[in-house]
1. If we scan the stretch 241-264, do we find a residue that is buried (at least 19 other Cβ atoms within 10 Å of the Cβ), within 17 Å of Gly140 (Cα to Cα) and free of Cβ contacts under 8 Å to residues at least 60 places away in the same chain?
2. Looking at Ala290, Ala348, Ala337, Ala286, which is the one that is out of contact with any Cys (no Cβ under 8 Å at 6 or more places or on another chain), of a type in the set (Gly, Ala, Ser) and farther than 26 Å from Asn196 by Cβ?
3. Hey, which of the strands (runs of 3 or more DSSP E) in the stretch 89-172, taking only ones fully inside, have at least 1 residues that are farther than 26 Å from His280 by Cα and out of contact with any strand residue (DSSP E or B) (no Cβ under 6 Å at 6 or more places or on another chain)?
4. I need a count of the residues in the stretch 27-56 that are at pLDDT below 90 and over 21 Å from the mean Cα position of the chain (by Cα).
5. Do we have Asn120 as under 14 Å from Thr356 (Cβ atoms) and either surrounded by fewer than 18 Cβ atoms within 10 Å (Cβ to Cβ) or in contact (Cβ under 8 Å) with a residue 12 or more places away in the chain (or both) here?
6. Go through (1) surrounded by 23 or more Cβ atoms within 10 Å (Cβ to Cβ); (2) on the phi > 0 side of the Ramachandran plot for Arg111 and report which single condition fails.
7. Output the residues belonging to the stretch 155-182 that are over 17 Å from the mean Cα position of the chain (by Cα) and either of a type in the set (Lys, Arg) or surrounded by 19 or more Cβ atoms within 10 Å (Cβ to Cβ) (or both).
Amino acid sequence: MTRLLIAASGTGGHVFPALAVTESLPADWKLHWLGVPDRMEIELVPRSIPLHTVRAGGLQGRGLSQLINLARLTLATVNVAQLIHKQGIEMVFTTGGYIAAPAILAARLCRIPVVLHESNAVPGRVTRLLGHLCNHVALGFDQAATRLARCNVTVTGTPVREAFLAPAPLPDWVPRGTGPLLLIIGGSQGAVGLNNMVRPLVHKLLEAGCRIVHLTGAHDQGRGIDHHEGYVELPFSDEMPGLMQHSDLAISRAGAGTISELLACECPAVFVPFPQATDHHQEVNANAVAAGGAAVLVLQHQSDHPALEQILWRLLGPRLRSCTGELDPINRLKSHAKKMSQGSASTAVKDLLEKTFLNVKGSE
């Protein structure tokens, strides 16, 4: 039995890939989860996995702010090291973010192996600063390797949960009909800029025959404005596998987790990267998928700009005119999405964890 501490916190981009890995691990592994109080992992981590929390801050800041963050990091590292000793943890796996820093440092202090998964094409700050302290860094995109010259890296793809890999039904609340189904994903934190781009186009698309499911995010203020039998607007949905598998096209931000889920479901996408994302990593993520032919990239713009509208008519137009086959650009995107799908990523990460653990144990 291997005792593994999983450090993943804060956003779906960190938590969901870690949950996907747990589904692939051997049944005799004893898992513990390290998170942060009041974040989404509190609700998402299965009750069968003991959840431990620490206060963790970023590595950024200057002056007093930097000193406070360093003090928090030191305290968190000590707390994680104590947890490792108390629970007999033998290895750490982390998906990056703030919680990764104390997890990696504590693992080094306790002299146990640590594996880090970096899902974005542009590695995060913690990965860049501390990746070389890890036994291995697994990558979601091969583009990230060029920025991690000191690290031992392997491209695995980003794990997705098993629910996205098995056939799922279309939710019964989705508008029925023959028109193409457009899925708009505002994200768990909301995407006001994306929503503002899409809303002026909704009535035109509906009148042309589209069906639309619009997941606005919890913080969008424009929800409830549009009413149409072909349009459903919700803050979020926990039936994403069925929605992605049955949608003709998605409009979404370009977080690595969402990209991996869309590819696993072979769902073509128009990506609108969050312009304030650190190091513009969402734009780089989207470019990588667009270069593979599975998506189209549109930069965020004012609602009166025609870019998104032109792209949507180009992609959806043939289906609205019942033109399919080779003349259908969505079919071409879908075929490339199938080729880029990372459905085996969870197994690849699981194999890497097993290999790393056996190598370290074998050298002792």
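The values are calculated or read from the model by the stated rules, or taken from the named source; none is laboratory data. Quantities reported herein were computed from a predicted structural model and do not represent experimental measurements. Heads up, the Cβs are rebuilt from the backbone with ideal geometry, glycines too, and the neighbour counts pull from every protein chain shown.
1. yes
2. Numbers: Ala290 fails: farther than 26 Å from Asn196 by Cβ; Ala337 fails: out of contact with any Cys (no Cβ under 8 Å at 6 or more places or on another chain); Ala286 fails: farther than 26 Å from Asn196 by Cβ.
Unique residue meeting the criteria: Ala348.
3. none
4. Adding up the residues that qualify gives 1.
5. Details: under 14 Å from Thr356 (Cβ atoms): no; either surrounded by fewer than 18 Cβ atoms within 10 Å (Cβ to Cβ) or in contact (Cβ under 8 Å) with a residue 12 or more places away in the chain (or both): yes.
It is false that Asn120 is under 14 Å from Thr356 (Cβ atoms) and either surrounded by fewer than 18 Cβ atoms within 10 Å (Cβ to Cβ) or in contact (Cβ under 8 Å) with a residue 12 or more places away in the chain (or both).
6. (1)
7. The answer is Val174, Arg176, Gly179, Pro180, Leu181, Leu182.
This table checks each residue for (1) at pLDDT 90 or above; (2) assigned by TED's automatic domain parsing to the domain that holds Ala145; (3) farther than 18 Å from Leu139 by Cβ.
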| residue | (1), (2), (3) |
| --- | --- |
| Asp279 | no, no, no |
| Asn285 | yes, no, no |
| Asp304 | no, no, yes |
| Leu308 | yes, no, yes |
| Cys323 | no, no, yes |
| Asp328 | no, no, yes |
| Leu333 | yes, no, yes |
| Leu352 | yes, yes, no |
| Leu358 | no, yes, yes |
